[in-house]
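The values are calculated or read from the model by the stated rules, or taken from the named source; none is laboratory data. Computed from a predicted model, the values in this text were never measured in an experiment. Note that we place each Cβ from the backbone using ideal geometry, even for glycine, and neighbour counts take in every protein chain shown.
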Amino acid sequence: MSKKDRMSGNEAVAFAIKQVNPDVMPAFPITPSTEIPQMVSTYIANGECDTEFIPVESEHSSMSATIGAQAAGARSLTATSSCGLALMWEELLIAASNRMPCVLALVNRTLSGPININCDHSDGMGARDTGWIQIYAENNQEAYDNFIQAYPIAEDKRVHLPVMICQDGFITSHAVENILLEEDKDVKEFVGEYTPEEFLLNPGKPMAVGPYSVSNYAMEARYNQEMAMENSKEVIIEVARKFKEKFGRGFELFEEYRTEDADYIMLIMGSAAGTAKQAVDDLREKGIKAGVLKLRVFRPFPADEIAMALKNCKAVAIMDRTESYNGHGGPLASEVLAGLYRNKVMIETVAYTYGLAGRDFTVETAYEIFDEIKDVAENGKKVKQHRYIGLRSLEGDK
Amino acid sequence: MDNKGIEIRWHGRGGQGAKSAALLLADVAFKTGAYVQGFPEYGPERMGAPITAYNRISNKEIRVHSNIYTPDLVIVVDETLLAAVDVTKGLKKEGAIVVNTDKSADEIKPLLNGYEGRVYTVDARRISMEALGKYFPNSPMLAAAVAVGKVMDTKQFLDEMKASYAHKFAKKPEVIDGNMKALSLTLEELGEV
Amino acid sequence: MRTDVSKINESTPCEQLTEGLHMYASATSKTFNTGEWRTNTPVFNAEKCKQCLLCAPVCPDSAIPIKDSKRGEFDYDHCKGCGICVKACPFGALEMREGQ
């Protein structure tokens, strides 16, 4: 039976960690994810779980120790944010290329600079090509649910890749909201025991992890890793279905909110999706056919599935909570557009950058965006293909 | 509280407990079966700097994750903020504001940029000193938020808070009575709202 | 051996490589004849050797076998001829010779 409770996003993830009771957690504190290792170490001190907590001197070390522990045969994880994730950069690729099914609880915070502690997705997006599966949450409930699904995805034989469970810094990590918690035994049963076939601390069965690879092997290894990422899509869907069967909630690759007959769709990720849904309900009351496609899984990127989900609408606003500095839009925009083109779905699109470094995203902002893409589709209004939301400028809208 | 729920904005100074009060309010409102949200807006995390915290409480699921710009209720935990922050900005006319001060509502009104709605004052310093012997403004302000915001029945509020303090202060039972006294004194002084 | 090194080479298709190029086996370096890389060769003079064993631990390729606390002839299948052992020998029992 689910139990009604209320807690913050950080509390929810720490609670899920306690229930899963992984073997090893090396971690280094950084705002706004600090509470996660702090709460887990309290659970450990109180004897509520027996995870081995390793205090380390940096995030470079926490990810290294996570990989080491995972390779040794222990179910491992760490947590971080922002610059902490950036400092792990080298190790993130090593975790993935060594096919380590470890987990990282990421609490999204902007990357410097200008230095700032608030939410955007620049940390997670910066790690988008490191070979990690990335799953984003709208609220504390999804952060909790996604964490419970992380190991079953990562440890599946078709995958063996690390998983990043992401939630929005402060907006969900520090917000107390209602949540449904599951029984310890049900969570443990869902996640199962970790029984790796091969691991370093296996007496009589020695192995080597991460050997040097000359050019004649490395490209094949990379391809195999990419295949595992492609395969992970079906595993993520299977695990999500199993989760829904057992606990009665959740989404697969993305949530389609009132998109079935929608003319105008906002494609968005994270906590702002809830705000966008409220705007959709309000606009629907006025007879405007609006909808939201909330992306849950960013890696692997469901390009074809998104294109199919959007193919009947007139215009889509693609919302990036980060800047790519590529001169033509954020990462979501680039990838969604590639998916649309490849599937020959020639609808109107506008790429928006919003919410950088904690800039608020309101229901009113969502109205304005829907209004603009409606104008584009209906009246052929010409707008810049890459727009900034709520920017102060002498030249007006950007 | 009607179906649309209530939106509350807290103004305080870093370290005064405005964020904790907002989280406590979410906590206690949750006990009524409501959907709740309690969250802080962080600046550079300096002790004494103006901070804002928010609550949404509703009978319907809360999905919006933005700050609150047109609150039904504003709670000012530190009177000195009236000079520094536009605390009534966006506050609904049919809403209310509660200020922690030893002054009367009539004395405070002229400092509220012409706000025409209901104004209440709570002398949290005196109440806290009397009840706890120390200055912790958040218990009186929490009680005021519940009463003025009609978040829940005040009797149920006191019962829930007693249980919550008993849990929170299991190792310091001596502060439970003081905190409870601070809550009930505030409710008494506010009277009918 | 769980990974048969003899069956993995630079023509192996990707499907037959191990996950993450892990090596599920030990001491696989023994199967590689690195001795053929040698351009100079250390020579062991048993008569001058006092069996102090200072040479063996400095060998980067474990090419000096020890049995019953005594060193024996070089393992020329793996000795790359680096000459470190010659420098380590206090008794002149090891000498470098040009060529293989």
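Here is a list of conditions, (1) assigned to a loop (DSSP other than H, G, I, E, B); (2) surrounded by 12 or more Cβ atoms within 10 Å (Cβ to Cβ); (3) more than 14 Å from every other protein chain (Cβ to nearest Cβ); (4) not hydroxyl-bearing (Ser, Thr, Tyr), and C:ALA56 meets all of them except one; can you say which number that is?
Status for C:ALA56: all satisfied but (1).
For the condition away from chain C (no Cβ under 14 Å) and closer than 21 Å to B:SER66 by Cβ, what is the one hit in A:GLY124, A:GLY113, A:GLY84? Outline the logic, then answer.
Details: A:GLY113 fails: closer than 21 Å to B:SER66 by Cβ; A:GLY84 fails: closer than 21 Å to B:SER66 by Cβ.
Unique residue meeting the criteria: A:GLY124.
Output the number of residues of segment A:187-236 satisfying the condition of being on the phi > 0 side of the Ramachandran plot and either free of Cβ contacts under 8 Å to residues at least 12 places away in the same chain or over 27 Å from the mean Cα position of the chain (by Cα) (or both).
1
Can you tell me which condition A:MET125 does not meet? The list is (1) at pLDDT below 95; (2) not in a loop (DSSP other than H, G, I, E, B), and all the others hold.
Here A:MET125 clears every test but (1).
Considering only residues that are within 14 Å of another protein chain (Cβ to nearest Cβ) and in contact (Cβ under 8 Å) with a residue 24 or more places away in the chain, which ones fall in segment C:4-25?
C:VAL5, C:ALA25
Pick from segment B:118-154 the residues that are free of Cβ contacts under 8 Å to residues at least 24 places away in the same chain and either among the hydroxyl-bearing types (Ser, Thr, Tyr) or part of a helix (DSSP H, G or I) (or both): which of them is surrounded by the fewest Cβ atoms within 10 Å (Cβ to Cβ)?
Within segment B:118-154, the match that is surrounded by the fewest Cβ atoms within 10 Å (Cβ to Cβ) is B:TYR135.
If you go through segment A:156-187 one residue at a time, how many are under 30 Å from B:GLY38 (Cα atoms), away from chain B (no Cβ under 14 Å) and either hydrophobic (A, V, I, L, M, F, W, C) or in contact with a helix residue (DSSP H, G or I) (Cβ under 8 Å, 6 or more places away or on another chain) (or both)?
Initial filter on segment A:156-187 (under 30 Å from B:GLY38 (Cα atoms)): A:163-187.
If we keep only those that are away from chain B (no Cβ under 14 Å) too, we end up with A:163-166, A:182-187.
So of that shortlist, the ones also either hydrophobic (A, V, I, L, M, F, W, C) or in contact with a helix residue (DSSP H, G or I) (Cβ under 8 Å, 6 or more places away or on another chain) (or both) come out as A:163-166, A:182, A:184, A:186-187.
Of the residues in that region, 8 qualify.
Of the residues B:GLY38, B:GLY33, which is facing another protein chain (nearest Cβ under 9 Å), of a type outside the set (D, E, K, R) and in contact with a Leu (Cβ under 7 Å, 6 or more places away or on another chain)?
So the residue among B:GLY38, B:GLY33 that is facing another protein chain (nearest Cβ under 9 Å), of a type outside the set (D, E, K, R) and in contact with a Leu (Cβ under 7 Å, 6 or more places away or on another chain) is B:GLY38.
What are the residues in segment B:44-62 that are more than 9 Å from chain A (Cβ to nearest Cβ) and either at pLDDT below 90 or at positive phi (or both), if any?
B:ARG46, B:MET47, B:GLY48, B:ALA49
Might you check whether a residue that is within 14 Å of chain A (Cβ to nearest Cβ) and surrounded by fewer than 13 Cβ atoms within 10 Å (Cβ to Cβ) occurs anywhere in segment C:42-53?
no
So if I check each of A:ASN146, A:ASN140, which one is within 12 Å of the chain's Cα centre (by Cα) and crowded, with 24+ Cβ neighbours inside 10 Å?
Exactly one of A:ASN146, A:ASN140 is within 12 Å of the chain's Cα centre (by Cα) and crowded, with 24+ Cβ neighbours inside 10 Å, namely A:ASN146.
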